[in-house]
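Novice: I'd like to ask you about the structure that follows.
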Amino acid sequence: MSVADSSASVIDPLVERYLARLRVEGGLATNSLESYRRDLTKFQHYLAQHRLGMGEPVAPQVVVAFLAMLKRQPLAASSIARILSALRGWFRFLVREQLVDVNPLRDLTARRRSVRLPKTLTMQEVVRLLDVPTGSGAEDCRDRAMLELLYASGLRVSELVGLAVSQIDLNASCLRVMGKGAKERVVPMGQQARDLLADYVAHVRPVLLKGRVSRALFVSRRARALTRQACWKLLRLRAQRAGIAKPISPHMLRHSFATHLLEGGADLRAVQTMLGHADIATTQIYTHVERSRLKQVHRQYFPRQAGRKLSRP
């Protein structure tokens with residue numbers, strides 16, 4: 001069986017114990033836990049091929065060979081970096097549990113990855129996307145309120161579809177969001193998002209529910225919470241109608257939300273709080289986007305660029 005099929009392997013009970021600790025003590029989100037599970041299962045299968053167990057001492061050369069094997073596969077550098085991070089946490093766990101004496105990654109330094117700027121929409125593209133003409137059906141009204149809220153609050157798509165009615169406060173124009181690591185934050189919403197959401201809750205959601213009960217804010221006609229896949233699909237359809245050719249995703253609206261706030265003069269710490277970033281270094285990537293755009297404007301309009309002559313009176 002290849003490493004690609006390693007997800008079918010039975011995971012080591014010690015790994016399950018480690019993941020349970022991350023969930024309880026670290027408050028790690030479900031999606032992050034599943035990523036750790038897949039990464040550690042890959043490593044478990046690799047060790048099994050070399051007759052080694054997950055709780056046994058491993059030489060640094062073995063880990064380096066595993067990472068080298070991953071690089072020969074069509075894996076992005078970000079994926080390999082994530083797997084390396086999972087392994088670092090795993091070996092720290094083994095040392096703390098006194099199952100091994102030495103962390104084989106202790107002296108292994110990670111290569112510094114180049115900064116990849118997040119993809120965003122321009123303000124004009126956001127307006128076209130959110131204001132594109134749609135029908136007046138219940139789903140159309142729901143989708144418009146949902147996408148307006150997604151941009152106005154900078155939510156992750158998992159946070160958006162996971163919202164419960166009890167988490168929104170229309171009077172205060174804000175919502176309580178349960179983010180990564182089970183950390184709750186309060187996020188404001190714009191007036192337009194608030195008005196669309198109020199109309200949806202009062203008049204549209206009851207039509208979709210047809211007397212049934214659901215805690216979910218955004219529901220289908222089956223009274224079930226919308227999925228992330230459904231959100232992706234409706235966003236792409238709306239982008240096509242708006243004439244936006246670039247590939248689009250819900251996370252691009254989150255990136256656009258942060259970038260547009262900073263371009264408007266918002267404080268970096270405030271943006272960090274609204275996005276739910278534990279480390280401000282994660283938020284600082286958006287300052288790179290802002291600087292990149294400023295440089296582009298400078299190159300385009302500054303008169304003393306190469307090949308551009310100043311007009312004389």
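The values are calculated or read from the model by the stated rules, or taken from the named source; none is laboratory data. None of these values were measured; they are calculated from a predicted model. For neighbour counting, all protein chains shown are included, and Cβ atoms are generated from backbone atoms with ideal geometry for every residue, glycine included.
Novice: Against the conditions (1) surrounded by 14 or more Cβ atoms within 10 Å (Cβ to Cβ); (2) part of a helix (DSSP H, G or I); (3) without any contact (Cβ under 8 Å) to a residue 40 or more places away in the chain, where does Pro206 fall short? Just the number, please.
Specialist: Every listed condition holds for Pro206 apart from (1).
Novice: Further question: What tally of residues in the stretch 47-56 results from selecting those that are surrounded by 13 or more Cβ atoms within 10 Å (Cβ to Cβ) and out of contact with any helix residue (DSSP H, G or I) (no Cβ under 8 Å at 6 or more places or on another chain)?
Specialist: 1
Novice: Can I ask one more? Anything in the stretch 221-239 that is surrounded by 16 or more Cβ atoms within 10 Å (Cβ to Cβ) and either in contact with a His (Cβ under 6 Å, 6 or more places away or on another chain) or within 16 Å of Ser136 (Cα to Cα) (or both)? List them, or say none.
Specialist: Of everything in the stretch 221-239, those that are surrounded by 16 or more Cβ atoms within 10 Å (Cβ to Cβ) and either in contact with a His (Cβ under 6 Å, 6 or more places away or on another chain) or within 16 Å of Ser136 (Cα to Cα) (or both) turn out to be Leu234, Arg238.
Novice: Which ones in the stretch 33-50 are closer than 12 Å to Leu67 by Cα and among the hydroxyl-bearing types (Ser, Thr, Tyr)?
Specialist: Within the stretch 33-50, just Tyr46 meets the criteria.
Novice: Give the residue, chosen from Pro133, Pro118, that is surrounded by fewer than 17 Cβ atoms within 10 Å (Cβ to Cβ) and either of a type in the set (D, E, K, R) or within 24 Å of the chain's Cα centre (by Cα) (or both).
Specialist: Result of the check over Pro133, Pro118: Pro118.
Novice: Shifting gears a bit: Kindly indicate whether any position in the stretch 171-189 is surrounded by 20 or more Cβ atoms within 10 Å (Cβ to Cβ), among the basic types (Lys, Arg) and assigned to a helix (DSSP H, G or I).
Specialist: The answer is no, given that none of the residues of the stretch 171-189 is surrounded by 20 or more Cβ atoms within 10 Å (Cβ to Cβ), among the basic types (Lys, Arg) and assigned to a helix (DSSP H, G or I).
Novice: Then there's this: Kindly state which helices (runs of 4 or more DSSP H) lie completely within the stretch 1-79 and contain at least 3 residues that are modelled with pLDDT of 90 or more, within 25 Å of the chain's Cα centre (by Cα) and farther than 17 Å from Asn103 by Cβ.
Specialist: 30-49
Novice: Follow-up question, since we're still on this one. Considering the stretch 249-287 alone, what residues qualify as being within 14 Å of the chain's Cα centre (by Cα) and not in a helix (DSSP H, G or I)?
Specialist: Residues satisfying the conditions are Ser249, Gly276, His277, Ala278.
Novice: Within the stretch 101-115, restricting attention to residues that are at pLDDT below 75 and of a type outside the set (S, T, N, Q), which residue is surrounded by the most Cβ atoms within 10 Å (Cβ to Cβ)?
Specialist: Checked the stretch 101-115; the qualifying residue surrounded by the most Cβ atoms within 10 Å (Cβ to Cβ) is Leu108.
Novice: Enumerate the pairs (first residue in the stretch 136-157 and under 17 Å from Met178 (Cβ atoms); second residue anywhere and part of a loop (DSSP other than H, G, I, E, B) and modelled with pLDDT under 95) with beta-carbon separation below 7 Å, excluding pairs fewer than 6 apart on the same chain, so at least 6 apart or on different chains.
Specialist: Close Cβ pairs (under 7 Å, with a partner that is part of a loop (DSSP other than H, G, I, E, B) and modelled with pLDDT under 95) amount to Leu149/Met189; Ser153/Met189.
Novice: Something else about it: Yes or no: Tyr151 aromatic (Phe, Trp, Tyr), part of a helix (DSSP H, G or I) and at pLDDT 95 or above?
Specialist: Here the answer is no, as Tyr151 does not meet what is asked.
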